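A quick write-up on the structure given underneath.
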Amino acid sequence: PGIVFGTCPVPSYIVDVEPAQGQILSGETMEITLTYSSAGFPVGDYDEYLHIETNDPDHEVDSILNTMHVYTPAQLYGTVTDCNTGAPMAGVDVTASAASDFTTTTDENGYYEMYVDEDTYDVTFELLGFQTQTVSGVFAPEGVMTEVSTTMCEMPYPVPFVYADPNQNDTECL
């Protein structure tokens, strides 16, 4: 079996390697997980090699190229209120749909915010008992907070069953 050790230059954006060492049988592979941190790195692309040391006489040292892309994401935010009372609505599911979907939920003040990639989104607001609202074609530019607020109106919906327990005179349900 081969013994492998991974090291990174200092300073490094690779902050963790799991596992940091291990044994690999001849002809086998090992999956490793790298954790990056962009703290202190301005927007841009950064290349870094993970250096591998082994006891394989044909490959005593090797390197694996890693690239970290640092960018400032776009941000969507807003408030959801009841169309009749103007009261903030908590628990509304908010989904921004484009090439990728991003989802969050409004807080007790009806407020939400979420980081998204720069793209054009359809933003959907859903809560059981209320009409779903969709705001289409919202462009979220990188590094900019874009407001998408809405109101939602109650929507009656049929319940699957109703249990009635009339009183003895059959004049009231309990």
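The values are calculated or read from the model by the stated rules, or taken from the named source; none is laboratory data. Because the structure is a prediction, the values reported are computed rather than measured. Here the Cβ is made from the backbone with ideal geometry for all residues, glycine too, and neighbour counts use every protein chain on show. These area figures cover heavy atoms from the full protein model, side chains too; ligands, DNA and RNA do not enter into them. Shrake-Rupley method; radii C 1.70, N 1.55, O 1.52, S 1.80 Å.
Whenever a residue of segment 1-30 is at pLDDT 60 or above, its partners that are open to solvent by less than 60 Å² (accessible area, probe 1.4 Å) and acidic (Asp, Glu), lying with C-beta atoms within less than 8 angstrom and at least six residues away or across chains, give the pairs Ser12/Glu48; Tyr13/Glu48; Ile14/Glu48.
The strands (runs of 3 or more DSSP E) found wholly in segment 60-174 and carrying at least 3 residues that are in contact with a strand residue (DSSP E or B) (Cβ under 8 Å, 6 or more places away or on another chain), open to solvent by 40 Å² or more (accessible area, probe 1.4 Å) and farther than 30 Å from Thr33 by Cβ occupy 119-126, 133-140. The number of residues in segment 144-174 being of a type in the set (Gly, Ala, Ser) and either more than 29 Å from the chain's Cα centre (by Cα) or at pLDDT below 95 (or both) comes to 1. Considering segment 26-44, and only residues there that are surrounded by 10 or more Cβ atoms within 10 Å (Cβ to Cβ) and more than 22 Å from the chain's Cα centre (by Cα), the residue that is farthest from Ser12 (Cα to Cα) turns out to be Met30.
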